[in-house]
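The values are calculated or read from the model by the stated rules, or taken from the named source; none is laboratory data. All values derive from a computational prediction rather than experimental measurement. Here the Cβ positions follow ideal geometry from the backbone for every residue, glycine too, while neighbour counts run over all protein chains shown. These area figures cover heavy atoms from the full protein model, side chains too; ligands, DNA and RNA do not enter into them. Shrake-Rupley method; radii C 1.70, N 1.55, O 1.52, S 1.80 Å.
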Amino acid sequence: MTGVPASAAGGSSGAQGAVPGSAATSGAAPDLSGPDLSGPQNAGAEDAGPRNVSAENDGVENAGVTGSPGAEHAGAPSLGAEGSGSRDGERPVRGGKIAAAAVNQASLWNVANLLTMLRLVLVPGFVALMLAGGGYDPAWRSLAWAAFAIAMITDLFDGHLARTYNLVTDFGKIADPIADKAIMGAALICLSSLGDLPWWVTIVILGRELGITLLRFVVIRYGVIPASRGGKLKTLTQGIAVGMYVLALTGWLATLRFWVMAAAVVLTVLTGLDYVRQAIVLRRQGIAERAAALEETEA
């Protein structure tokens with residue numbers, strides 16, 4: 001028992017009972033054989049360093065822009081090539097913007113817009129049927145009346161469908177009033193050119209329609225002029241009157257259509273004046289509200 005070398009005994013006791021840093025105080029080289037990760041040196045190198053904390057958790061590069069693994073372990077969102085901001089473990093959807101644009105483009109082809117397009121296509125067809133056979137053939141005039149009736153019926157349904165089923169699009173807002181004015185204007189001009197309807201009636205009706213349309217655009221910054229019941233009754237009366245003139249009617253029906261057209265002209269003028277009044281009131285209210293808002297901001 002006394003023959004054990006002192007160096008061996010001291011080495012074993014030093015290995016069992018040595019405290020951290022004893023090798024540094026004794027001047028001996030540190031023992032690198034043990035993978036001790038709990039020491040202060042390893043803690044400073046792996047966890048406690050401010051550079052590593054900012055690089056793995058707070059750094060911009062590791063937030064997913066460069067796709068470094070630090071962001072994945074830190075729980076930061078990984079921004080893919082598309083910039084979709086997908087979470088860890090989820091792949092970004094490629095072509096997301098293109099797919100969204102395709103859906104928006106497909107929404108253009110809804111039922112309301114298709115009816116509006118049909119009405120636009122019917123305009124040249126109506127004119128061709130109206131003027132076929134010299135413009136006085138009852139058979140061609142009957143076909144022209146059918147095209148005009150289809151256009152007027154679609155006018156009643158496309159706006160209702162768009163508002164009810166949320167199918168309102170920018171195309172519909174522009175194309176719908178154009179289609180309305182186009183079919184009515186084409187019918188009036190054809191009737192006046194054939195001598196069936198006085199030109200002053202055509203001028204009054206078309207002048208009112210174009211004038212009110214321009215007036216709506218002028219006051220649009222102050223508000224929207226809503227469609228009144230008188231305006232809807234005017235449109236219905238105009239459609240019936242023009243349709244009766246398109247048909248080759250004789251006798252008491254020809255007399256009746258004259259009075260229906262007279263009622264349409266009266267409603268056209270009265271509703272036009274009412275829209276002008278609404279536009280003036282709307283403009284005054286808009287100016288007053290802007291002045292009040294300006295005073296509040298200055299105060």
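Quick notes
- Solvent-accessible area per residue in segment 140-299 equals 59 Å², computed with a 1.4 angstrom probe and all protein chains kept.
- Once the chain from Ala132 to Arg284 is taken as fully extended at 0.36 nm per residue, the excess over their C-alpha distance is 49.7 nm.
- For segment 109-205, the orientation-averaged shadow of the C-alpha convex hull comes to 6.2 nm² (one quarter of the hull surface).
- Dimensions of segment 182-266 from C-alpha coordinates, computed as largest minus smallest value along each principal axis and given longest first, are 50, 25, 18 Å.
- For the listed peptides 154-162, 183-191, a ranking on the average number of other beta carbons within 10 Å per residue, highest first, reads 183-191, 154-162.
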